[in-house]
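A quick write-up on the structure given underneath.
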Amino acid sequence: MDKNMLGDLDNLPEEDKMKMAAMIDQLQIRDSLRMYNSLVERCFTDCVDSFRRKTLDKQEETCVRRCAEKFLKHSMRVGLRFAELNQGAPTQD
Amino acid sequence: MDKNMLGDLDNLPEEDKMKMAAMIDQLQIRDSLRMYNSLVERCFTDCVDSFRRKTLDKQEETCVRRCAEKFLKHSMRVGLRFAELNQGAPTQD
Amino acid sequence: MDKNMLGDLDNLPEEDKMKMAAMIDQLQIRDSLRMYNSLVERCFTDCVDSFRRKTLDKQEETCVRRCAEKFLKHSMRVGLRFAELNQGAPTQD
Amino acid sequence: MANNSLPPHLAKEQIMFMAEKEMEYRVELFNKLTQTCFRKCTEKSYKESELNMAENSCIDRCVSKYWQVTNLVGQLLGTNQPPM
Amino acid sequence: MANNSLPPHLAKEQIMFMAEKEMEYRVELFNKLTQTCFRKCTEKSYKESELNMAENSCIDRCVSKYWQVTNLVGQLLGTNQPPM
Amino acid sequence: MANNSLPPHLAKEQIMFMAEKEMEYRVELFNKLTQTCFRKCTEKSYKESELNMAENSCIDRCVSKYWQVTNLVGQLLGTNQPPM
């Protein structure tokens, strides 16, 4: 998108660089909270379908645990692949 | 998440508390606009499927009204239950 | 929603008007990046279903192209209709 | 919205904020409308990249009906000013 | 979160930011819960605008189970503080 | 983007804003990719919490294809700089 813009950033004074770093921290926090919300929604949707009781039964709980763990592993693997592509293996395959 | 952080907030000077209050107002405004958009999308998706005319027919309009009213009642009930859980009936059921 | 508020805006000093203009630019940038992300997600979801190879085959690529072009044309047409309605043909059809 | 209890520079921030939220709301409305009507009016087979006549008129009617639903829901929510 | 390495006015911004994110998180949780339970508990035919008894008790149980899933996932993520 | 017509402190805000949007864009891309590939590659029965071999290779290919679609759409949108 903008190598140029990233060039500009290097020339920023110290305080702005700190602001940038803080911004990145902040985005990561927001991002992990969102990821957490999406994970809960997905595993709930996939695993819980009966509403005859107000507590999770054993089977639902197991399903949620597996779903969440699987999603986290999935997410880490995607992260690795994504980083590789971002670092520039030429796009066309 | 952060009892500690909320503790910090109490020690903030007056102006910051006002900023916090303004921020909360603002989040509520944004939230209600988002809720409104989601409600429209959901009731449209569930109730409108024919595009042979450019105005809603009677049946579609009735469906949208019921959908919206039902969603609002649903949303209030969820809000009550959510608040109860937030105020701390011990989590495990 | 707020004719009043928009009235207030006219009375803002010059610098604030510039801030507003900058804000509008910014929202448009954010919006177009989001639109881009949604378009990619939709066309990927509709067109790519086989994961036996790591590159798009010819058929998938054609599908993605058509999907994206169609979505853009769709989006422009919606934009025109939306603008007409916003400029005030009385709502009830 | 205790707007008037805020010091002036915060009140101005509030105005800017409201204008921003208003715009965000319209953008989100537009995006949801676009996505929803695309889903309702377009075949997923993507046999061509042009919109055909049936799709074009479906889009026009879809936008029009979506707009009406927006106003209808706005009335039900009891906002005295219509949402657009 | 190198909070302590920031000049004081930025550190204060961080606190405000965290409070804002915390609230956003709760709002988003509430919205997702509301949408998900509406989908799970309500018939799409919309034959009436009232919630019937079956729907009401479905909602209560759905909220309760969603809450449990939130806590369960929170534990798995290894946050030492529970997410709510 | 009348960047140069802005007073310097606003121009700097613009740069920060662009950097923020750029990051948000990447985060959103990553999130959508993650969700989409999870849907495409994982069975919903959740019989175990490990990823099996089939799932692992599906993920790798899914990420790779998603990336290609992103670039393909970027070209169609006529951005002279690729989107990543």
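Could you list all residues from segment A:15-37 that are within 13 Å of the chain's Cα centre (by Cα), crowded, with 16+ Cβ neighbours inside 10 Å and not hydrophobic (A, V, I, L, M, F, W, C)?
Result: A:R30, A:D31, A:R34, A:Y36, A:N37.
Residues E:L33, E:L29: which one is more than 7 Å from chain B (Cβ to nearest Cβ), open to solvent by less than 10 Å² (accessible area, probe 1.4 Å) and touching a helix residue (DSSP H, G or I) at 6+ places or on another chain (Cβ under 6 Å)?
From the options E:L33, E:L29, the qualifying one is E:L29.
In segment F:39-54, what residues are surrounded by fewer than 21 Cβ atoms within 10 Å (Cβ to Cβ) and not polar (S, T, N, Q)?
F:R39, F:K40, F:E43, F:K44, F:Y46, F:K47, F:E48, F:E50, F:L51, F:M53, F:A54, listed by residue number.
Table: residues versus (1) at the interface with chain D (Cβ under 8 Å from one of its Cβ atoms); (2) modelled with pLDDT under 95.
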| site | (1), (2) |
| --- | --- |
| C:D2 | yes, yes |
| C:L6 | yes, yes |
| C:D10 | no, yes |
| C:E14 | no, yes |
| C:E61 | no, no |
| C:A83 | no, yes |
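Which ones in segment F:8-26 are open to solvent by 40 Å² or more (accessible area, probe 1.4 Å) and under 10 Å from the mean Cα position of the chain (by Cα)?
Hits for segment F:8-26 are F:M23, F:R26.
Could you say whether any residue in segment B:41-48 is facing chain E (nearest Cβ under 8 Å), under 18 Å from the mean Cα position of the chain (by Cα) and under 23 Å from E:N52 (Cβ atoms)?
Within segment B:41-48 (the criterion being facing chain E (nearest Cβ under 8 Å), under 18 Å from the mean Cα position of the chain (by Cα) and under 23 Å from E:N52 (Cβ atoms)), the answer is yes, since at least one residue qualifies.
Go through segment C:43-57 and give me each residue that's crowded, with 22+ Cβ neighbours inside 10 Å and part of a helix (DSSP H, G or I).
Listed by number, the residues that qualify are C:C43, C:F44, C:C47.
The values are calculated or read from the model by the stated rules, or taken from the named source; none is laboratory data. Predicted model only: the values in this text are computed from it and were never measured. With ideal geometry, Cβ positions are generated from the backbone for all residues, glycine too; neighbour counts draw on all protein chains shown. In case anyone asks, the SASA skips ligands and DNA or RNA and just uses the protein heavy atoms, side chains included. Shrake-Rupley method; radii C 1.70, N 1.55, O 1.52, S 1.80 Å.
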